[in-house]
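Peer 1: My questions will all concern the structure given below.
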Amino acid sequence: MTRSASGSSQPRWLLPFVILAVALLSVLPLSRLAVAGFVALWRGDLGGLLADPALWSSLRYTLETALFGTAISVLLGAAFAFLLTLTDLRGRSVLGFLFVLPMMIPPQVTALAWVQMSGPSSPLLKALHIAPPLGSPQPLYSVGGIALLFGVQHAPLVYLALRAGLMALPRDGIEAARLSGASSLQVFRHIVLPLSMPGLIAGAAIAFVSCVGNFGIPAILGIPASIYTLPTLIFSKFSAFSSRTFGEVALLSTAIALISVVGLAVQERVLRGRDYRVIGLAGAVATFRLGGLGLLVAPLLWLLLFFVLVAPFMALLAGALVPAYGVPLTFSTLSFHAFEEVLFRQSATRTAFANSLFLSAATAFGLLLLTLLVGYQLASRRGVLARVLTALVEIPYALPGIVLAVAFILVFAGPLPVLNVTLYGTIWIILIAYFSSFFAVSLKPVVSAFRQLDPALEEAARLSGAGFYRRLADIVVPLVAPAAGASVILVFLIACNELTVSALLWTAGTQTLGVVIYNLDDSGGSDLASALSVLVVVMVVAMMLALEFFGKRLPKGVLPWRS
Amino acid sequence: MAKLILNHVGKDFGGSRPAVSSLSIDVRAGGFLALLGPSGCGKTTVLRMIAGFEQPSDGSILLGDRLLADAASMVPPERRNMAMVFQSYALWPHMSVAENVGYPLKVRGISGERWRKAVADALEAVRLHEHAERQPADLSGGQRQRVALARCLVTSPDVVLLDEPLANLDRHLKQEMEETFRDFHNRSGATMIYVTHDQSEAMALATEVAVMSEGRLVQLAPPEEIYARPEGRMAGALIGQGAILQLPLPEGTPRLLDWAALRPLFQGHAAGACADILVRPQHVVVDPEGIACRVVSALYEGERYALRLALPDGQILRAFSAARVSPGEKLAVAILSAWRLA
């Protein structure tokens, strides 16, 4: 008998159950995608695809937007991370919360808001009488526009990765450098910067991969200007469905997956030899005094946040408050018509609300049941199996959503064996894809809470005479309850705003909020799309604040915007 | 009550050497056994095997004639009627003190007035009855320790296991808790197994001490016996103060040596294989006729000075002195008694 089997008396079904769940949600769709890719290669679809100029242009656009976007993310994210973590700037925590907000706002909403903020038809600019003349081009419908928004959307990822590294800086190391006679600037250049490189590189890699897989921003900004990135190209291939679609789409998904893997491999390469195990007292906070400089820097950061966050939201609000598309917004024309329309009249938006709420709630609570068991199992065992299972859970989340959606279409396109039911076209395929995609999101808080538990707490319950289910109910679950609560809200929040997966999987009647926002904007109903987006942003902020409330009782690193 | 028998117990985690090998100990019913050894000697693994958290890979563990575990089968911890005080105390932070103490009863289906009475009695025994409704987080280290002890008391377990329970307490609190443990042992009559790396705790509490090293039992004896007659270099170094000298010893010398037997060894008259000799500091006395030593260091300990003396051949001897001595001084000493370790 192995150590864990004798040591923790779990019921026999637990491990097989965990393995089965991971296999169904992760191994099955990914291997199905790989098979489809190989079949397409075998049939020679690759030749046709390679000859298609659309592939090459979308490849170029994908790389261009992702690389420029990453550069912007790194600049913004690094500046905020250094200033908010290492200096005595006032209002650091509020600035931090606001800066990471864009990460949790759905990309299509960000794109929509920026479109409403700029260009000749911006209701906000028109109301302020500073709109460019009619007929001038919308500047965001361009590679530069997409890259800029990629940069804004993913800067929080760089910020968080870098900040985690900065928080672990050895305070005594910095103090020792000071005593050696180094000035603030020298300490920063000689100690802080080299030690924070791993975090910066990791953040850049995550930002790059997220840019490559992003669908919402190029869908809204790129498609009107015929700029297709790989995810939007896949989307358009599905719209023009043909016999070769599955094969081509499988190959395109593989291309996205490959670019992501290359991005991560470059990161790995650069990080090698930079494993600075930080020894000594961690917790460098407010190390550098800005003094008078703070009076200059703080307004600058607030101004930046104003343009990145407040102005787009005001534009979105303005867009939602115009009485009808194209009508100028003044205090006399202001109307809540669009809100009424999306909340009470339009059946499409009301269905979308119902669908998204159902999908998010079912995903959040269903996954919680699963992750409680999987997390318990993973935390209690070490070794190869646990590492493999953890990696398998994380792959679907790390992969761009569009790739996962394609994989699930391939799995469920035909009727299920034995049952003879077709899931494709029903809401259930979206639910299963959500389960797969957000498994890692749900698992992370729970598993880190389990890992933090002193094993003696459960052992004491065993010696008290409590069997497995009794221990689970009396001891284990109550102790991980805060993390479980965070897990539910987090998954709900992300699933509610999700667009990429459902964009491919929805059909009439199963549209989600993300899909409806995109469709409304696509069909010219930007006032309705704006109203819906405003509601979504309010919901996101409310849920993030609810999570902040839990924040103090959660293990470190559970909330993605805290570190 | 029945005696606890470890019969050639071994545990192999697949490392370079087994964590525990062929360990045999009988603990009489109501006995108080201390498992003593440096960290990594396997004492905690033994405790966890007795509790049922680990299964032995060899041998068997019995309570009276009931088989608790061998390599093929084992009774899970929840059905052993044992209790344990963990090093971290393992109090459940989401339950009050009373709920923590009463949990083993709750699991056994005891509720209502009986539950309240039993919990109150247990808390009374550790003088914590006024804190019944508080949360563990509001208690001091020593109080948490006593809650953990009360949780052991409440079900009258056959065996109580203590895993370095005093490791996290300061010295003053340690003494107080040692009293509490002794009191608890007398009152409950339970068999107690106490794991520690601190020999003074082991000596103060246990009726028997088992010294372990590298997974093996080195010596099992009452505290006085182990102090006076340790077996081997490891036990000699671990228990009590003293210096271990290497001296050539003729064949057939008895293990307990007096000054008459020791004196020739220092005059270079004796021949034979080198043996490890343990000399306790209280047996080293100033004697102008004795061995000429040089004082290496003198540490003032309050009631006396603790000396380190260099013998003519450079080996170090420990001694006490009531009078002040300075490093570098010459001092002639006699060794009244010494013990050959092997």
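The values are calculated or read from the model by the stated rules, or taken from the named source; none is laboratory data. Bear in mind that the values here come from a model prediction, so they are computed numbers and not experimental data. Counting neighbours? That spans all protein chains shown, and the Cβs are built from the backbone with ideal geometry, glycine included.
Peer 1: Does region A:231-269 hold any residues that are basic (Lys, Arg) and not in a helix (DSSP H, G or I), and which are they?
Peer 2: If the condition is that a residue be basic (Lys, Arg) and not in a helix (DSSP H, G or I), then A:ARG244 is the only one that fits.
Peer 1: Here is a follow-up. Can you name the condition, by its number, that B:GLY31 falls short on among (1) within 9 Å of another protein chain (Cβ to nearest Cβ); (2) farther than 30 Å from B:ALA137 by Cβ; (3) within 20 Å of the chain's Cα centre (by Cα)?
Peer 2: The one condition B:GLY31 does not meet is (1).
Peer 1: Does region A:5-25 contain any residue that is under 27 Å from the mean Cα position of the chain (by Cα) and of a type in the set (D, E, K, R)?
Peer 2: No, that holds for no residue.
Here's the yes/no breakdown for (1) surrounded by fewer than 17 Cβ atoms within 10 Å (Cβ to Cβ); (2) in contact (Cβ under 8 Å) with a residue 60 or more places away in the chain; (3) closer than 29 Å to A:ALA466 by Cα:
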site: B:ALA2; (1), (2), (3): yes, yes, yes
site: B:ASP12; (1), (2), (3): yes, no, yes
site: B:SER16; (1), (2), (3): yes, no, no
site: B:ALA19; (1), (2), (3): no, yes, yes
site: B:ALA29; (1), (2), (3): yes, yes, yes
site: B:ALA51; (1), (2), (3): no, yes, yes
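Peer 1: Now for a different question. Is it fair to say A:ARG350 is within 24 Å of the chain's Cα centre (by Cα), modelled with pLDDT under 90, over 14 Å from A:PHE439 (Cα atoms) and part of a helix (DSSP H, G or I)?
Peer 2: So A:ARG350 does not fit the description; no.
Peer 1: Okay, moving on. When only residues in region A:141-166 that are among the small types (Gly, Ala, Ser) and under 28 Å from A:PRO194 (Cβ atoms) count, which is surrounded by the most Cβ atoms within 10 Å (Cβ to Cβ)?
Peer 2: Among those that are among the small types (Gly, Ala, Ser) and under 28 Å from A:PRO194 (Cβ atoms), it is A:ALA155.
Peer 1: Does region B:128-140 contain at least one residue that is modelled with pLDDT under 85 and assigned by the TED database to the domain that holds B:LEU105?
Peer 2: no
Peer 1: Right, here's the next one. Scan region B:50-79 for residues that are within 10 Å of another protein chain (Cβ to nearest Cβ) and not in a loop (DSSP other than H, G, I, E, B) and jot them down.
Peer 2: Those that are within 10 Å of another protein chain (Cβ to nearest Cβ) and not in a loop (DSSP other than H, G, I, E, B): B:ALA51, B:ALA69, B:MET74, B:PRO77, B:GLU78, B:ARG79.
Peer 1: Ok, one more. How many of the residues in region A:492-531 are within 16 Å of A:TRP428 (Cβ to Cβ) and of a type in the set (Gly, Ala, Ser)?
Peer 2: 4
Peer 1: Which of (1) modelled with pLDDT under 90; (2) within 19 Å of B:THR180 (Cα to Cα) does B:ALA120 not meet, given it meets every other one?
Peer 2: (1)
Peer 1: Could we say that B:TRP115 is within 30 Å of A:ALA481 (Cβ to Cβ), aromatic (Phe, Trp, Tyr) and more than 13 Å from chain A (Cβ to nearest Cβ) here?
Peer 2: yes
Peer 1: Only one of these is hydroxyl-bearing (Ser, Thr, Tyr), in contact with a Gly (Cβ under 6 Å, 6 or more places away or on another chain) and on the phi < 0 side of the Ramachandran plot: A:SER73, A:SER58, A:SER122. Name it.
Peer 2: Sole residue among the options that is hydroxyl-bearing (Ser, Thr, Tyr), in contact with a Gly (Cβ under 6 Å, 6 or more places away or on another chain) and on the phi < 0 side of the Ramachandran plot: A:SER73.
Peer 1: Right, A:LEU75: assigned by the TED database to the domain that holds A:LEU293 and either outside any helix (DSSP H, G or I) or farther than 30 Å from A:LEU513 by Cα (or both) or not?
Peer 2: yes
This table checks each residue for (1) touching a Pro at 6+ places or on another chain (Cβ under 7 Å); (2) at positive phi; (3) outside the structural domain of B:GLN282 (by the TED database).
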position: B:VAL296; (1), (2), (3): yes, no, no
position: B:TYR305; (1), (2), (3): no, no, no
position: B:LEU311; (1), (2), (3): no, no, no
position: B:GLY314; (1), (2), (3): no, yes, no
position: B:ARG318; (1), (2), (3): yes, no, no
position: B:SER321; (1), (2), (3): no, no, no
position: B:SER326; (1), (2), (3): no, no, no
position: B:ALA332; (1), (2), (3): yes, no, no
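Peer 1: Related question: B:GLY15: more than 14 Å from chain A (Cβ to nearest Cβ) and in a loop (DSSP other than H, G, I, E, B), yes or no?
Peer 2: When the stated conditions are applied, B:GLY15 does not pass them.
Peer 1: So which residues in region A:78-132 are in a helix (DSSP H, G or I) and either charged (D, E, K, R) or touching a His at 6+ places or on another chain (Cβ under 6 Å) (or both), if there are any at all?
Peer 2: Correct list: A:ARG92, A:LYS126.
Peer 1: Looking only at region A:444-484, count every residue that is assigned to a helix (DSSP H, G or I) and within 14 Å of another protein chain (Cβ to nearest Cβ) and tell me the total.
Peer 2: Counting residues in region A:444-484 that are assigned to a helix (DSSP H, G or I) and within 14 Å of another protein chain (Cβ to nearest Cβ) gives 28.
Peer 1: Which residues, counting only those in region B:80-90, are closer than 23 Å to B:LYS3 by Cα and more than 7 Å from chain A (Cβ to nearest Cβ)?
Peer 2: Across region B:80-90, the qualifying residues are B:ARG80, B:ASN81, B:VAL85.
Peer 1: Moving on. Only one of A:SER502, A:SER436, A:SER523 is polar (S, T, N, Q) and farther than 19 Å from A:PHE358 by Cβ. Can you tell me which?
Peer 2: A:SER523
Peer 1: Still on this structure, please answer the following. Being part of a loop (DSSP other than H, G, I, E, B), within 20 Å of A:TYR469 (Cα to Cα) and more than 8 Å from chain A (Cβ to nearest Cβ) is the filter here, so list the residues in region B:92-112 that pass it.
Peer 2: Hits for region B:92-112 are B:MET95, B:GLY109, B:ILE110, B:SER111.
Peer 1: Just to be sure I understand, how many residues within region B:199-215 are touching a strand residue (DSSP E or B) at 6+ places or on another chain (Cβ under 8 Å) and modelled with pLDDT under 90?
Peer 2: 5
Peer 1: Take A:SER464 and decide whether it is among the small types (Gly, Ala, Ser), buried (at least 23 other Cβ atoms within 10 Å of the Cβ), touching a helix residue (DSSP H, G or I) at 6+ places or on another chain (Cβ under 9 Å) and over 30 Å from A:PRO396 (Cβ atoms).
Peer 2: When the stated conditions are applied, A:SER464 passes them.
Peer 1: Moving on to the next point. Are any of the residues in region A:467-481 at positive phi and not assigned by the TED database to the domain that holds A:ILE256?
Peer 2: There is no residue in region A:467-481 that is at positive phi and not assigned by the TED database to the domain that holds A:ILE256.
Peer 1: I would also like to ask the following. Can you name the helices (runs of 4 or more DSSP H) wholly within region B:216-333 that have at least 2 residues being at pLDDT 90 or above and surrounded by fewer than 17 Cβ atoms within 10 Å (Cβ to Cβ)?
Peer 2: Because the criterion is at least 2 residues that are at pLDDT 90 or above and surrounded by fewer than 17 Cβ atoms within 10 Å (Cβ to Cβ), the helices (runs of 4 or more DSSP H) in region B:216-333 that meet it are B:223-228.
Peer 1: Consider B:PHE184 against the criteria (1) surrounded by fewer than 17 Cβ atoms within 10 Å (Cβ to Cβ); (2) without any contact (Cβ under 8 Å) to a residue 60 or more places away in the chain: it satisfies all of them except one. Which criterion is unmet?
Peer 2: (1)
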